[in-house]
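The values are calculated or read from the model by the stated rules, or taken from the named source; none is laboratory data. Keep in mind that this is a model prediction, so the values were computed, not measured. All Cβ positions, even for glycine, are placed from backbone atoms using ideal geometry, and neighbour counts span all protein chains on display.
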Amino acid sequence: MKKYIIAGFVAAVAVSTALAGTAVEAKKTVIPVEEPCKFRDTEFQIDAFGTGGFYRQGNPGWGGGLGLNFFAWRYFGLGVEQMVVGNNNGTEWGTIGNAFLRYPICSINLAPYAMFGIGKLYGQGESTGLGHVGGGLEYRFTDNIGLFADGRWVYSPQLDNSGGVLARTGVRFSF
């Protein structure tokens, strides 16, 4: 009886492999993983910067400040900054509101941006309204730390011959 069971098992194995069909070779498709962009769709930023003011009447001013920015979308954000600038004529501090339009180039961690806004300068017992337009670049070393530099043309209709360039450079922390 054992012989018939073993013979039946061998026959079943032989028939099953004969009816199995053709061999199929498995192919694997490798999908490259795209690096995430360091410039996120929604982010909060803190700026620490040095600034220089170069005015038509000469006598440049130097100083620094802090800024807070919020990007609700990857390409558009709003911000506010406080700065102090001093020269031979005295010291002024300003509060400036900014709107940013940026275009991140994620492959090289660089984001050129345009900016415009309004604000007010205070100093020497008076305040002056101003408007500005300009642009800059930001480079991100990590997801949260970058360097930026920008420049803007500043104009105030309250002062004669008041146009000038305000330049900033500093560190940006993003969350």
**Message:** Being assigned to a loop (DSSP other than H, G, I, E, B) and of a type in the set (A, V, I, L, M, F, W, C) is the filter here; which residues of region 122-175 pass it?
**Reply:** 141, 159, 175
**Asked** Does residue 39 satisfy being in contact (Cβ under 8 Å) with a residue 12 or more places away in the chain, in contact with a strand residue (DSSP E or B) (Cβ under 8 Å, 6 or more places away or on another chain), outside any strand (DSSP E or B) and among the aromatic types (Phe, Trp, Tyr)?
**Response** yes
**Message:** Anything in region 150-170 that is over 19 Å from residue 95 (Cα atoms) and either in contact (Cβ under 8 Å) with a residue 60 or more places away in the chain or aliphatic (A, V, I, L, M) (or both)? List them, or say none.
**Reply:** 161
**Prompt:** When the residues of region 129-166 are filtered to those that are aliphatic (A, V, I, L, M) and at pLDDT below 95, which remaining residue is farthest from residue 47 (Cα to Cα)?
**Reply:** 159
**Asked** Just for region 55-82: of the residues that are in a strand (DSSP E or B) and over 27 Å from the mean Cα position of the chain (by Cα), which one is surrounded by the most Cβ atoms within 10 Å (Cβ to Cβ)?
**Response** 61
**Prompt:** Among the residues of region 85-95, is any at positive phi, free of Cβ contacts under 8 Å to residues at least 60 places away in the same chain and in contact with a strand residue (DSSP E or B) (Cβ under 8 Å, 6 or more places away or on another chain)?
**Reply:** yes
**Residues satisfying the stated conditions in region 83-112, i.e. outside any strand (DSSP E or B) and either under 21 Å from the mean Cα position of the chain (by Cα) or surrounded by 13 or more Cβ atoms within 10 Å (Cβ to Cβ) (or both)** = 103, 104, 106, 107, 108, 109
**Request:** Name the single residue, out of those in region 132-152 being surrounded by 13 or more Cβ atoms within 10 Å (Cβ to Cβ) and among the aromatic types (Phe, Trp, Tyr), that is farthest from residue 78 (Cα to Cα).
**Result:** 139
**Message:** Of all residues being surrounded by fewer than 14 Cβ atoms within 10 Å (Cβ to Cβ) and not charged (D, E, K, R) in region 26-43, which is farthest from residue 117 (Cα to Cα)? Just the residue, please.
**Reply:** 26
